[in-house]
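Student: The structure follows.
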Amino acid sequence: MSAGHTGGTDLLEPCGRADHPDCGIRDVLDRVGDTWSVLVLSELSAGTRRFGELQRAVAGVSQRMLTLTVRRLERDGLVTRTVYPTVPAAVTYALTDRGRELSALVRGLAEWSLANRAAIAGSRESWDAAHPGSPVR
C-alpha cells in the first residue's frame with residue numbers, strides 16, 4: 001500500500017501496478033461508486049427513512065435494485081435496518097457512524113460536482129468540437 005493510501009503523504013499512487021495489485025480502494029469504490037448507493041447514502045444523511053420513503057426519494061430506482069442496494073450497504077456496515085413488529089412490518093434504514101462519515105465525503109464530492117458542473121460541461125464541449133466523430137462521449 002502506498003503512503004498516499006495510508007495518509008502518510010499528499011500523494012495518491014495508482015492501484016494496479018504489479019507490486020500494488022489491490023489497495024482496497026477498488027473494493028470500496030465498487031460499493032459506494034455506484035449510482036444507487038451514493039443516492040441512498042445522500043438521502044439517509046438527512047435521517048432515518050422507511051423503505052417507501054427511500055424509493056420515492058431516489059428517483060428511478062426499482063424496488064429490487066433498492067432492496068439490493070440497502071442490503072449491500074447494510075452488509076458493509078454503512079446502514080442499519082430496523083424491523084418493527086407491526087402488520088405489515090415496518091422497516092427503517094439509518095446510517096451507521098461509518099455511513100455518516102462516508103456521507104460527509106460524498107457530500108463534499110457532490111458540492112465539488114455542483115461547483116464545477118458548468119466548467120466540466122464547457123470542457124466537454126470544447127473537447128468534442130476538437131475531436132469530431134470520437135466515440136468518447
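The values are calculated or read from the model by the stated rules, or taken from the named source; none is laboratory data. As the structure is a prediction and not an experimental result, all values here were calculated from the model. Every residue, glycine among them, receives a Cβ derived from its backbone with ideal geometry; neighbour counts consider all protein chains shown. The protein model used for the area step is the full one, side chains on, heavy atoms only, and it has no ligands, DNA or RNA in it. Shrake-Rupley method; radii C 1.70, N 1.55, O 1.52, S 1.80 Å.
Student: If you go through the stretch 41-50 one residue at a time, how many are open to solvent by less than 40 Å² (accessible area, probe 1.4 Å) and modelled with pLDDT under 95?
Tutor: 1
Student: Can you find, within the stretch 64-84, the residue that is surrounded by the most Cβ atoms within 10 Å (Cβ to Cβ) among those that are of a type outside the set (Ser, Thr, Tyr) and over 15 Å from LEU39 (Cβ atoms)?
Tutor: Selected residue: ASP76.
Student: With the requirement that a residue be acidic (Asp, Glu) and either closer than 11 Å to THR48 by Cβ or touching a strand residue (DSSP E or B) at 6+ places or on another chain (Cβ under 9 Å) (or both), what does the stretch 67-100 give you?
Tutor: Hit for the stretch 67-100 is GLU74, nothing else.
Student: Being free of Cβ contacts under 8 Å to residues at least 60 places away in the same chain, open to solvent by less than 50 Å² (accessible area, probe 1.4 Å) and not in a helix (DSSP H, G or I): is that true of VAL87 here?
Tutor: no
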